[in-house]
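Nothing in this text is a laboratory measurement; each read-out follows from the coordinates by a stated rule. The shown structure was predicted, so the numbers you read here are calculated from the model rather than taken from an experiment. Here the Cβ is made from the backbone with ideal geometry for all residues, glycine too, and neighbour counts use every protein chain on show.
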Amino acid sequence: MSRGLHLAAYLLAFDTRARSLQDRTRAGYLVRAGALAELAHRGAATEDGAGRVQVTPADPTGDRVLDALLTELGERPRSWKSWIRRGREDTLEAVEEQLTVLGITTTADRDPHGPVEPHRRVTLKDPREALDLQVRVAGLVRGDASLAQVPYADAVLAALAAHGHLRLVLSRHDRRAHARRIDRLTDRLADRTPGLARAVTRLNLTMIAGQGGIGGG
């Protein structure tokens, strides 16, 4: 997986049949958590003894989305959960802009004479990238291959899909039948950032609390 986790999380949440995000609110949480996990993996964001996020002095990542998030993280210490909830819509829109610049998506301009739409329509130029990613992540959870060699990024995406109740990738049955395997994949986050792993584990509950009852099955 060559995409950063924030970009891959967007593709993971994209419904290629409907030609749109399956659930824009849910995608915002997933993308924001993916961006935080990417920074943690790069060593740019760690946590203190109280589980609050802290920025590690380093050069800019060169990624506009990640660098903007790093600036936010430097404002004051907060928990991973708090940072997942804050600014997620801004991060989601920034990821959409980045995907368009990279040529992965096209973004239609709003019709000034048409109905009012809160967001511009985003289209994947090649839906196979999203489909292949969704199939791979689902297979990682449902399969029985050794997890020892699973790349960090794939493990994180599987954890996000499972704990974020992304039904496009994993059904409720999948989450229940493979709960132990999902836990082991989530443990990859806990190696360096146990607080982030806990926040991801509670991701769907965070969505419910933040959105007044959004469930997701």
Taking 7 Å along the Cα-to-C-beta vector as the label spot, tell me the Asp67-Arg198 distance in nanometres, rounded to one decimal. 3.4
Take each of the peptides 155-165, 199-209, average the number of other beta-carbon atoms within 10 Å over its residues, and list them starting from the highest. 155-165, 199-209
Report the gain in length on full extension from Thr107 to Arg24: 0.36 nm times residue separation, minus Cα-Cα distance, nm rounded to one decimal. 28.4 nm
Which one of Val65, Val31, Val101 has the biggest mean-square fluctuation once the chain is modelled by GNM with Cα springs under 10 Å? Val101
Residues listed by number, the range 64-102, amide nitrogen under 16 Å from Arg52 label point at 7 Å toward C-beta: 72-84
Residue-wise, which Karplus ³J(HN,Hα) couplings in Hz belong to the range 38-45, taking 6.51 cos²θ - 1.76 cosθ + 1.60, θ = phi - 60°, and x for glycine or proline? 5, 5, 5, 5, 7, x, 7, 9
Scale the Cα Rg of the chain by the rule-of-thumb value 2.2 N^0.38 Å and send over the ratio, two decimals. 0.98
Show the residues, 5+ positions off or on another chain, whose built amide H is closer than 5 Å to the amide H of Ser20. Asp15
